[in-house]
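These notes are about the structure you will find just below.
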Amino acid sequence: MAGSELDVKRWEMTPEKARQMAHAARYGLYSYIPPLLAEQIVNDYHITWGKCLDVGAGSGRLGIEIARISQLEVTAFDISFSMLKLAQEEINLNRLKDQVVIVQGRAEAMPFAAGCFDLIVSKGSIWFFADKVRAFREIYRVLKPGGIAYVGCGDARRWPSNPSDFIRMVRFRIKMQERKFQKEWQRLRLPPQEWEIILKRAGVNDYRFHAGYFWIEIRK
C-alpha cells in the first residue's frame, strides 16, 4: 500500500466519531473561536477577494466563517472523508455551496497548482502533519506571491461579547494551561526553535510567531 493511502487510512474515522467532533466544534468548548479568528484574520490582512485554503479543515468551521464575512472562494481541505461529509452539511446549512468547496487529501501532497491561494489558514492541524517539513513546503508552494498563511493552534485575540462564549474562553485558557503539563501534549508541542528549523527546511524564510497559544504567519 502506498504511503499516501496509509496516511489517509490512519487519519480516517468512523462517521460516529466524525459527528462527535463536528458537534464539539459547533457547540463545545472551542466553538467560540472560529468566528473570532475569521474576523481577526480578515481584518488583519485585508484579504477579502480571491481564493482561501483551509488546511485540515475538519467540519469546516473556520473556512465557513471566513466565507461568511468575505468574498473569498474557500476550499475546505482535509484528509478525512468522514469529516468532509460533515463539512459539506455545514456548507449547505449556511447556504455557501457556491463559495465553499471540499477537497480530500494530505497536507504533504496537495492537489493544487503552485501559487493559487491568496490566503491559507489552518487551525489545530499543525501538530498532526505526518511530515511537517513537507506540509509547510506544500503550504508555501500553493500560496500566491503576496499572499498570507496563518497556521497554528489556539485562541483569537479578541474576547467574545457573548457571556456564554466568554465562559467558554476562560475554560479553554485554563485547559490550555493544564495541558502544558501533560506528557502527550508536551510530546506534540515543539519549541519555536524547532519550528524555525522546520520552516527553513521547507524553504520558508518570511515568517513570524504570534501569541494566542501558537500561531505562525507566513508571507510570500
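A short reminder: the numbers here are calculations on the coordinates, not readings from a lab. These numbers come from a predicted model, not from an experiment. With ideal geometry, Cβ positions are generated from the backbone for all residues, glycine too; neighbour counts draw on all protein chains shown.
Here's the picture: a label point sits 7 Å out from the Cα of Leu93 along the beta-carbon direction, and within the range 51-81 the residues with their amide nitrogen under 13 Å of it are 59-62, 64-65.
Percentage of Cα-Cα pair distances in the range 60-124 greater than 20 Å, rounded to whole percent?
So the portion of pairs separated by more than 20 Å is 22 percent.
Structure note, pairs Lys85/Lys200; Lys123/Lys200; Lys85/Lys123: Cα-Cα distances above 26 angstrom occur for Lys85/Lys200. Length gained on full extension, Arg171 to His210: 11.9 nm, using 0.36 nm per residue less the C-alpha separation. With the convex hull of the Cα atoms taken as the outline of the range 30-94, the averaged projected area works out to 4.1 nm². Largest first, the three principal axis extents of the alpha carbons in the range 97-153 are 30, 26, 21 Å in whole numbers.
Available extension along the chain between His46 and Trp127 is 26.4 nm, counting 0.36 nm per residue and deducting the alpha carbon span.
How big is the equivalent ellipsoid of the range 24-133 along its three axes, where each semi-axis is √(5λ) from the Cα gyration tensor, reported in whole Å from largest to smallest? Show your work: numbers first, answer last.
Numbers: eigenvalues 68, 58, 42 Å².
That gives 18, 17, 14 Å for the three semi-axes.
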